[in-house]
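Below is one structure; the comments refer to it alone.
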Amino acid sequence: MSGVARRTVVAAAGGAGLTAALAACGGEGGGDGDGGKNGSGGADGGTDVVEENAPLAMTADIPVGGGKVIPDKGVVVTQPKKGEFKAYSSRCTHRGCHVGSVADGVIVCPCHQSRFDANDGSVKQGPATQPLEPTPIEVVGEAIRLG
């Protein structure tokens, strides 16, 4: 078998293995035949659906005029007025750093001090020139979830 043919066979076998691994790990299903929609997760009894629907925060966690950065979800949640909750991408539009804090109606990026309005995500102070991207959320009872 020539070197080129051997590489082709090895690459094809590796690609097939990767495809099988991704099919086993990816998608919505947990291997229970319902696409993971009944909350039973996979064969290990995990709780994929519960984790996806877990609240980002509780309404009591978000101060009026302030907010909470949730970096693992890439979201910052604000409460510009009592009972009004908004969310934006936590990535600063200047260089992609995660914003660091929310206070007095302003979302602040710690990297270069860009400031964004907590009410609409607009730029209050550069160097950023683009607003934060809105993120849909829903408030159900006291829980704030991705919408």
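Taking only protein heavy atoms and a 1.4 Å probe, the accessible area of the range 66-142 is 48% carbon and sulfur. For the range 76-147, trypsin sites (Lys or Arg not before Pro) meeting the loop criterion (DSSP other than H, G, I, E, B) and having at most 10 other Cβ atoms within 10 Å: Lys82.
Hydrodynamic estimate: the Kirkwood radius of the range 53-104 over Cα pairs, inserted into Stokes-Einstein at 4 °C and 1.567 mPa s, corresponds to D of 116 µm²/s. Based on Cα atoms of the range 75-124, Rg over Rh with Rh as the Kirkwood radius reads 0.94.
The values are calculated or read from the model by the stated rules, or taken from the named source; none is laboratory data. All values derive from a computational prediction rather than experimental measurement. Backbone-built Cβ (ideal geometry, glycine too); neighbour counts: all protein chains shown. To get the accessible areas, we keep the full protein, side chains included, count just its heavy atoms, and leave off ligands, DNA and RNA. Shrake-Rupley method; radii C 1.70, N 1.55, O 1.52, S 1.80 Å.
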